[in-house]
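Data first, discussion second: the structure below is written as structure tokens.
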Amino acid sequence: MGRLSGKVAIITGAASGMGRAAAKLFAQEGAKVVATDIALEPLEETVKAINESGGDAIALKLDVTSPESWQNVVDQAIAKYGKIDVLVNNAGIFIPKGILETDLDTWNKVLAVNTTGVWLGMKAVIPHMQRNGGGSIINTSSIAGIMGGPPDGGGAAYSASKGAVRSLTKHAAQWFAKDKIRVNSVHPGGIYTGMVKDAGFESYEAMVDYIKNFAPLPPHAGDPMDIAYAYLYLASDESRFVTGEELVVDAGWITR
Ligand code: NAD
């Protein structure tokens, strides 16, 4: 018996980084995985690898900023697997511009993916979870949603978007507890993924070199699996008494 046996999980941003790690881990733990991303080709590779190693997953293109795109994913998930138990709102983008450098388009784009996308995902999935007698929603925030300075990499819109995810999570946890829907946020520290490569860290070692000044616990910079395991706990019934919580996974960064 896997830790997610019998559960159906939608994961956003599953073509890369933490979302891809979570899709693989959830499938290993017995979940049927609806893997979604705006980037279809790498997503299909993820799903092929899962199915070839005995898992059960489908790949669906999703732009988290689009209500129609969400509707399509939810319809297809229900058609294929009959229910939705878990939603991981993991997709996100990072643009390293401060308050003075950020233009309105950048601001709106970051908020659209990182915050509006999370709201739209919950709005699309919650009615099915209500009918199904419960569920678990995991929203990916960041330590940038809790503190300023280096954690946000200089991204003003990013920090704002992740702070909003933190409070929206608590709102949802309050309103849908009566339906046995748990809603928690995960707050990664520095994790070596496509996002940080794009932000200029050309190697894992370069990231460690920077982050060790802030996050005291070796290895200082994390692996996508470090976050996938946090998602797994919150997705499973092991966390049945946990809602509205913010799970920080950051090698001690926010203890500074
Ligand atoms: P990543 O860039 O490796 O993966 C993000 C995925 O989201 C990509 O596959 C991308 O195609 C997808 N995506 C982007 N826009 C989308 C859209 N409109 N619709 C659907 N999918 C879209 O990044 P990651 O580091 O794995 O990030 C996962 C989450 O973790 C993000 O929410 C990110 O903000 C958060 N986070 C990352 C770090 C870190 O250090 N890497 C730290 C804190 C929080």
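Here, each number is a calculation from the coordinates, and none is a lab measurement. Note that the structure is predicted; figures quoted are calculated from it, not measured. All Cβ positions, glycine included, derive from the backbone under ideal geometry; neighbour counts span all protein chains shown.
List of remarks:
- Derived scalar couplings ³J(HN,Hα) [region 225-242; Karplus, 6.51 cos²θ - 1.76 cosθ + 1.60; whole Hz; x for Gly, Pro]: 5, 4, 7, 4, 5, 5, 4, 4, 4, 6, 6, 7, 6, 4, 9, 4, 9, 10
- As a length-normalised measure over Cα pairs under 8 Å and 6 or more apart, the relative contact order of the chain settles at 19 percent.
- Efficiency of FRET between E44 and K170 - r from beta-carbon atoms, R0 45 angstrom, step 0.05: 0.80
- Cα centre as origin, Lys/Arg/Asp/Glu Cβ charges: the chain dipole, Debye: 900 debye
- Backbone geometry of region 181-198 corresponds, through the Karplus equation with coefficients 6.51, -1.76 and 1.60 at θ = phi - 60°, to 3J(HN,Hα) couplings of 9, 9, 9, 10, 10, 10, 10, x, x, x, 10, 7, 9, x, 4, 7, 4, 4 Hz, x marking Gly and Pro.
- Straight-line cross-link reach from K109 at under 28 Å between alpha-carbon atoms covers these lysines, not counting any fewer than eight positions away in the same chain: K61, K97, K123, K162, K170, K197.
- Spacing of the two label points (7 Å from each Cα toward its C-beta) at E238 and R256, in nm: 3.0 nm
- Two-site label geometry, L100 and S203: point separation in nm, points 7 Å out along Cα→Cβ: 3.4 nm
- Region 40-119 and region 13-34 have Cα centres spaced 12 Å apart.
- Cut-off under 5 Å, modelled amide H: who pairs with V186 long-range: N139, T140, S141, L247
- On Cα atoms only, tilt of 156-176 relative to the major axis of the chain in degrees: 30 degrees
- Per-residue Karplus couplings for region 130-138, computed as 6.51 cos²θ - 1.76 cosθ + 1.60 with θ equal to phi - 60°, are listed in order as 4, 5, 7, x, x, x, 10, 10, 10 Hz, Gly and Pro entered as x.
- Cα lying deepest toward the dipole's positive end in region 164-256, options F241, S185, F201, charges on Cβ: F241
- Long-range amide H partners of A91 with built H, under 5 Å: T12, G13
- Taking the charge dipole of the chain about its Cα centre, with +1 at Lys and Arg Cβ atoms and -1 at Asp and Glu Cβ atoms, the residue from M147, A164, G133 reaching farthest to the positive side is G133.
- Charge tally for G30 (other residues, Cβ to Cβ under 10 Å; Lys, Arg +1; Asp, Glu -1): +1.
- Segments 179-187, 104-112, 215-223 sorted - mean Cβ within 10 Å per residue, highest first: 179-187, 215-223, 104-112
- Of F241, F94, F201, the one that fluctuates the most in a GNM where the chain has Cα springs shorter than 10 Å: F241
- From the C-alpha gyration tensor of region 172-256, square roots of 5λ in Å: 30, 13, 11
- Residues whose amide H lies under 5 Å from that of H220, counting only those 5 or more places away or on a different chain, are absent; hydrogens are built 1.01 Å from N in the peptide plane.
- At 0.692 mPa s and 37 °C, Stokes diffusion of region 1-150 via Kirkwood alpha-carbon radius, µm² per second: 208 µm²/s
- log₁₀ of I(q)/I(0) at q = 0.10 Å⁻¹ - the chain, Debye sum with one point per alpha carbon: -0.44
- Measuring how big region 106-211 is from its alpha-carbon positions, Rg and Dmax come out at 15.7, 49 Å.
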